[in-house]
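Novice: Following this message is one structure expressed as structure tokens.
The values are calculated or read from the model by the stated rules, or taken from the named source; none is laboratory data. Because the structure is a prediction, the values reported are computed rather than measured. In this analysis, Cβ positions are derived from the backbone assuming ideal geometry, glycine residues included, and neighbour counts consider all displayed protein chains. Accessible surface is based on the protein model in full, side chains and every heavy atom, while ligands, DNA and RNA are left aside. Shrake-Rupley method; radii C 1.70, N 1.55, O 1.52, S 1.80 Å.
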Amino acid sequence: MEFLDNLVLPQSAEHIELLHYMLTLILFLFIPFISVVFGGTILSYLYKRKFNKEGKKELLLFAKDTIKILPVNSSVGLILGVMTLLTVLLILVQLLHKSGFPTINDLALSFFLVSVGLLFVYTYRLTFALKLVFDSVKKENPVIESNDDFSSYYQNASKLSGSAVKFALVLLFLGMWIFIGALTTVIYFDAWKPASFFATLFSARVLINFLIWICIAFSLTGVTLLFLFLFWKKDELKVSEDYKNFVVSVSAKLSLYFSLPIPILLFFSISLLPDSHLSGTLFAYLLIAMILLFLSLNFLYLLYYKKQYNYAPYLFFTFLFSVLSLIVKDQITISNATKYHSVLLSTEYDKILAELRGEGKGEVINAAELYQVRCGACHKFDQKLVGPAHFDVLPKYEGKEAQLVAFIRNPVKVDPAYPPMPNPGLKPAEAEAVAKYLLEEYQRLKR
Ligand code: HEC
């Protein structure tokens, strides 16, 4: 995907912020959608197999309904599944521009797998409906089976349906595993670069996040089915009381069993994050997600055990918002983790802009003076004033001028023993000059 990287230009600071918001919004659409499509396809596949063994009619009906309503239709799939994933890819190409991060290749691969997987989901959905039509024709008109055309179409539809669902599940499973893997490496940006593609996929960090997604996918599928059957499509579906009870029991158990492990998995996932990635906002969103999850479990209890079906929309929205809150939490981590990189990109952008405008040429910046005026009030080399002595903090920036520039342009909280450093508001070229001056002075005075 290097060609993609060559296509993009560095971004301005405002643009980068916008990209983070867009990424969050796009994931709000993509994650819930792909979750219920995956969950719905698995349910349909399993219940169809169960029907083939046991022959109970409600099993087939459930297999049909899950694949009919959860993926909606192929245009929705194209917009919510394919376009959104492509947008995620394009946004991350920009955010990770010039970082040499291999994530983009993995994302492109997962885009391919998920798109083809969705194609198979809709093939399965279509052939399933066809097969049912064939079945009912056969029932009404038994002689037709001796018609060659009919039986060959019938068999082809059955065969296609059977292999499409397997391809769909394998491709979605692999595609989402790689997708979660790629996002996880971005979450750990700067703190962890796995050695290879397989080292990424089988690392504890990725496996835990992938398990969290699997749990979310199944419980959200259950919750969505309850919402659709008991509230949203109540009148449209017109189901018998027996079938309704069957759907409620399957969906409620599914949501319950798969939402219970989520808090434990989240705990492990958070404990693997480096300290530098933790922040108050992260815990705030985590807390909101947990409270909403707890509320939704209460609604599930009222709905399933007390048969109070009017709680279905409350259950659905509390659970959905809990998932969205978890997505925000991850986006905050990503934006924290790539902060330095973002400043590097925007510095580059400002430089290009200045060159285009013909500024900055021939203008000489007096770094020593600038330092005295802008930094001298709080810093000395050998003594701490408001901020730490430079001798104490500069060693970690030796040979890392870009990082120092990034800090000066956009100071982040480092040492709890000090107050946060206010942004000195230097222009990119000035920040570079001061950083260079600081490192040179440090080398000179050290001796
Ligand atoms: C108003 C006071 C103030 C001014 C002005 C100021 N700083 Fe700081 N600086 C601080 C404080 C306080 C800290 C400690 C921040 C922390 O640890 O979170 C700090 C920390 C630093 C660090 C250490 C960063 C690290 O990663 O540990 C560097 C380098 C630094 N400042 C450079 C500068 C430069 C260069 C300027 C001028 C452009 C400047 N500071 C202006 C107060 C100031």
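Novice: What's the extension gain from residue 403 to residue 83 if we count 0.36 nm per residue and subtract their Cα-Cα distance?
Specialist: Taking residue 403 through residue 83 to full extension adds about 111.7 nm, to one decimal.
Novice: To continue, here is another question. Given 57/159; 306/329; 53/233, which pairs have Cα atoms separated by over 32 Å?
Specialist: 306/329
Novice: Now for a different question. Under the rule that an exposed site lies in a DSSP loop and has at most 16 other Cβ atoms within 10 Å, name the longest stretch of the chain with no GluC sites (Glu not before Pro) of that kind, not counting the sites themselves.
Specialist: That would be 1-358.
Novice: A further question on this structure: Please tell me the relative contact order of the chain in percent, rounded to the nearest whole number, where contacts are Cα pairs under 8 Å and at least six residues apart.
Specialist: 16
Novice: Which residue, chosen from 110, 408, 221, occupies the Cα position most advanced towards the positive end of the dipole of the chain, where the dipole is computed from +1 (Lys, Arg) and -1 (Asp, Glu) charges on Cβ about the Cα centre?
Specialist: Among 110, 408, 221, the one farthest towards the positive end of the dipole of the chain is 221.
Novice: Dipole magnitude of the range 364-446 about its Cα centre, charges +1 at Lys/Arg Cβ and -1 at Asp/Glu Cβ only, in debye to the nearest 20?
Specialist: I would put it at about 140 debye.
Novice: Which order do 153, 301, 442 take when ranked by solvent-accessible area (1.4 Å probe, heavy atoms of all protein chains), largest first?
Specialist: The ordering from most to least exposed comes out as 153, 301, 442.
Novice: I would also like to ask the following. Provide the net charge surrounding residue 56, with neighbours chosen by a C-beta distance below 15 Å and charges set as Lys +1, Arg +1, Asp -1, Glu -1.
Specialist: Neighbourhood net charge equals +2.
Novice: Here's something else I'd like to know. Quick check: the distance between the Cα centres of the range 229-258 and the range 64-82, to the nearest angstrom?
Specialist: 19
Novice: Want the number for residue 211 to residue 198: 0.36 nm per residue separation, take away the alpha-carbon distance, what's left?
Specialist: Contour length minus Cα-Cα distance gives 3.0 nm.
Novice: Per-residue counts of other Cβ atoms within 10 Å, averaged by peptide: what ranking do you get for 270-276, 201-207, 404-410, highest first?
Specialist: The densest-packed peptide leads the list: 404-410, 201-207, 270-276.
Novice: Is there a quick way to get the dipole size of the chain? I mean about its Cα centre, with the Cβ of Lys and Arg at +1 and of Asp and Glu at -1; what is the value in debye to the nearest 20?
Specialist: 1340
Novice: Using a probe radius of 1.4 Å on heavy atoms only, what accessible surface per residue do you get for the chain? Whole Å² is fine.
Specialist: With the other protein chains kept in place, the chain gives 51 Å² per residue.
Novice: Going by amide H atoms built from the backbone, whose H comes under 5 Å of the H on residue 384, apart from near neighbours?
Specialist: Close amide H contacts, sequence-distant or interchain: 389.
Novice: Which one, 13, 421, 255, projects farthest toward the positive side of the charge dipole computed for the chain from Cβ point charges (K/R +1, D/E -1)?
Specialist: So the residue we want is 255.
Novice: With each label point set 7 Å from Cα along the Cα-Cβ vector, what nm distance links residue 146 and residue 306?
Specialist: 6.2
Novice: Along the charge dipole of the range 7-84, Cβ charges K/R +1 and D/E -1, which of 26, 80, 55 sits furthest on the positive end?
Specialist: Farthest towards the positive end: 55.
Novice: Rounded to the nearest 0.05, what FRET efficiency do residue 253 and residue 139 have when you use their Cβ-Cβ distance and R0 = 35 Å?
Specialist: 0.60
Novice: I'd like the accessible area for residue 299: 1.4 Å probe, protein heavy atoms, all chains in place, Å² to the nearest 10.
Specialist: 40
Novice: OK, next. Just to make sure I understand: if all protein chains stay in place, what is the order of 51, 189 by accessible area at 1.4 Å, largest first?
Specialist: 51, 189
Novice: Given the Cα-Cα distance of residue 231 and residue 382 and 0.36 nm per residue of separation, how much length would full extension add, in nm?
Specialist: My answer for the length gained is 47.4 nm.
Novice: Got a number for the accessible area of residue 190? Probe 1.4 Å, square angstrom, nearest 10.
Specialist: Per-residue accessible area (residue 190): approximately 100 Å².
Novice: Would you mind calculating the relative contact order of the range 200-281 from Cα pairs under 8 angstrom and at least 6 residues apart, reporting the percent as a whole number?
Specialist: 45
Novice: Percent of accessible area on the chain owned by carbon and sulfur, 1.4 Å probe?
Specialist: 63
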